[in-house]
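Trainee: A single structure is presented below for examination.
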Amino acid sequence: MAATLPRSNATSHGLAHSPRSIWRDNRFRPHSLLDDPAVNDRGRNQTMKPPAKALVTLVKFAVSIGILVLLLRSQDLSSLKADLLAVNLNMLALAVLLLFAQTFVLCHRWILILRAMSVPLGWLAGWRILIISTFFNQVLPAGGDAVRIWMLRRNGVQWSQTIGSIVADRFLALLALGLIVLAGIPFLLPRVHDNSLLFAIVTVLAAACLGAIAMATLDRWPPRLIAAVPARIVQFAMLVRAPLLAAGGRTMLIVSAIVVHLITVATCYVLAIGLEAPLSALDAFVLVPLVILSSAVPISIGGWGVREGAMVAALGLAGIASDKALAISVLLGLGGLIVGLFGGLVWLFAPERTSFSPDQARAIAERTDAAPVA
């Protein structure tokens, strides 16, 4: 018996829809297909239980601490301490300023996504939510996204739109990062002498490109092939298509997503200058995105440990000493902490603070993990 695509509500009135028309009609309404019980029931009981979530968090802490310990054991701690204390304070202040300015670009990207989903959130309100989320990213594992969702819900935004905006924001960030890494490949090839490493990088980029193409053209696939796609993948594609296919603001959305990563690249370059590390602007452009990509893998707390290991390995390709590279990464992380503390200051004066508890954030995070998002 041939597999069939879940039907929209209109089919109950006798109006049959083809898979392509379902995707076209719901392009800017990512929650409509997800309202179908046939889709939601396939993942309704997949929410991670509290003991499992606690175990995952402990493993992430172990990964972060383990990698940091291994790195520190292989370093001359006195040299690392001297580098951290001798950093040029003007360059350090500029690096923190760049990371703070990055929050405005992040907010602009997120606002464009929300507008594509027909959510009229004001820019200042959006920035306030985003800067507060940076604080919770520092104090709660995966707490920033949960707080963003919770505060959007307090503003009357639907579940599908809140979760959809976060998913689309993350996906676009990875897509922009892939474009930057791809642009740096011609300059990376002469620096990489390990064929296995080069193969891994090219494989990841090829998979990302194929995935993006598949998602963008999924509505043109044969109906039987679409029906064979797992419901989670269909849901994900529905959530991220709206901002990518929006007629207005698409170019600005992609540009802002790229600029976010370029600010991180510039921050590392500035820190290298402050530490008197011989890192050129081109080397920073080619190598730092690889560090960002590595630290985006959700196996540690806030990227700590993974980022430091990747920074030492990547900048080593440019001849940067491991202690200098580690110092750059540590200062980058500390700069993020400073920006997060500013978000905590904003949170102290937020009216939502009196009605918020960490248990609520954990509950929201658990619901976010579930398949139904409508």
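Trainee: Going by the conditions given, is ILE185 modelled with pLDDT of 85 or more and touching a Phe, Trp or Tyr at 6+ places or on another chain (Cβ under 9 Å)?
Mentor: no
Trainee: State whether the residues of the range 184-191 include one that is open to solvent by 10 Å² or more (accessible area, probe 1.4 Å) and under 20 Å from ALA212 (Cα atoms).
Mentor: Yes: the range 184-191 contains one or more residues that are open to solvent by 10 Å² or more (accessible area, probe 1.4 Å) and under 20 Å from ALA212 (Cα atoms).
Trainee: Here are VAL270, VAL259, VAL288, VAL265: which of them is among the hydrophobic types (A, V, I, L, M, F, W, C), assigned to a helix (DSSP H, G or I) and open to solvent by 30 Å² or more (accessible area, probe 1.4 Å)?
Mentor: The unique qualifying residue is VAL259.
Trainee: State which residue is nearest to ALA350 (Cα to Cα) when the search covers only the range 131-147 and only residues that are modelled with pLDDT of 85 or more and open to solvent by less than 10 Å² (accessible area, probe 1.4 Å).
Mentor: Within the range 131-147, the match that is nearest to ALA350 (Cα to Cα) is ILE132.
Trainee: Any idea which of LEU337, LEU331 is open to solvent by 20 Å² or more (accessible area, probe 1.4 Å), under 27 Å from TRP110 (Cβ atoms) and touching a helix residue (DSSP H, G or I) at 6+ places or on another chain (Cβ under 8 Å)?
Mentor: None of the others qualify; the one that does is LEU337.
Trainee: Pairs needed: first member in the range 111-137, under 26 Å from LEU334 (Cβ atoms); second member anywhere, in a helix (DSSP H, G or I) and of a type in the set (D, E, K, R); C-beta distance under 6 Å; at least 6 residues apart or different chains.
Mentor: Listed pairs, sorted by first residue: ILE129/ARG148; SER133/ARG148.
Trainee: Taking GLN75 as meeting all but one of (1) open to solvent by less than 50 Å² (accessible area, probe 1.4 Å); (2) closer than 30 Å to ASP169 by Cβ; (3) not in a helix (DSSP H, G or I), write down the number of the exception.
Mentor: GLN75 satisfies every listed condition except (2).
Trainee: Can you go through VAL255, VAL288 and tell me which one is within 19 Å of the chain's Cα centre (by Cα) and over 30 Å from SER64 (Cα atoms)?
Mentor: After ruling out the rest, the residue left standing is VAL255.
Trainee: Shifting gears a bit: Taking only the range 213-256 into account, find how many residues are modelled with pLDDT of 75 or more, loosely packed, with under 15 Cβ neighbours inside 10 Å, among the small types (Gly, Ala, Ser) and assigned to a helix (DSSP H, G or I).
Mentor: 0
Trainee: How many of the residues in the range 299-322 are open to solvent by 30 Å² or more (accessible area, probe 1.4 Å), over 18 Å from SER64 (Cβ atoms) and either part of a helix (DSSP H, G or I) or aromatic (Phe, Trp, Tyr) (or both)?
Mentor: Selection size over the range 299-322: 2.
Trainee: Still on this model: Being open to solvent by 60 Å² or more (accessible area, probe 1.4 Å), part of a helix (DSSP H, G or I) and of a type outside the set (S, T, N, Q) is the requirement here; does ARG109 meet it?
Mentor: Judged against the criteria, ARG109 is not a match.
Trainee: Considering every residue within the range 93-102, establish whether at least one is more than 24 Å from GLY274 (Cβ to Cβ) and open to solvent by less than 30 Å² (accessible area, probe 1.4 Å).
Mentor: no
Trainee: So how many residues does the range 192-212 have that are within 17 Å of GLY316 (Cα to Cα), assigned to a helix (DSSP H, G or I) and open to solvent by less than 80 Å² (accessible area, probe 1.4 Å)?
Mentor: 4
The values are calculated or read from the model by the stated rules, or taken from the named source; none is laboratory data. In this text, all values refer to a predicted model and were calculated from it rather than measured experimentally. Virtual Cβ from ideal backbone geometry, glycine too; neighbours counted across all protein chains shown. The protein model used for the area step is the full one, side chains on, heavy atoms only, and it has no ligands, DNA or RNA in it. Shrake-Rupley method; radii C 1.70, N 1.55, O 1.52, S 1.80 Å.
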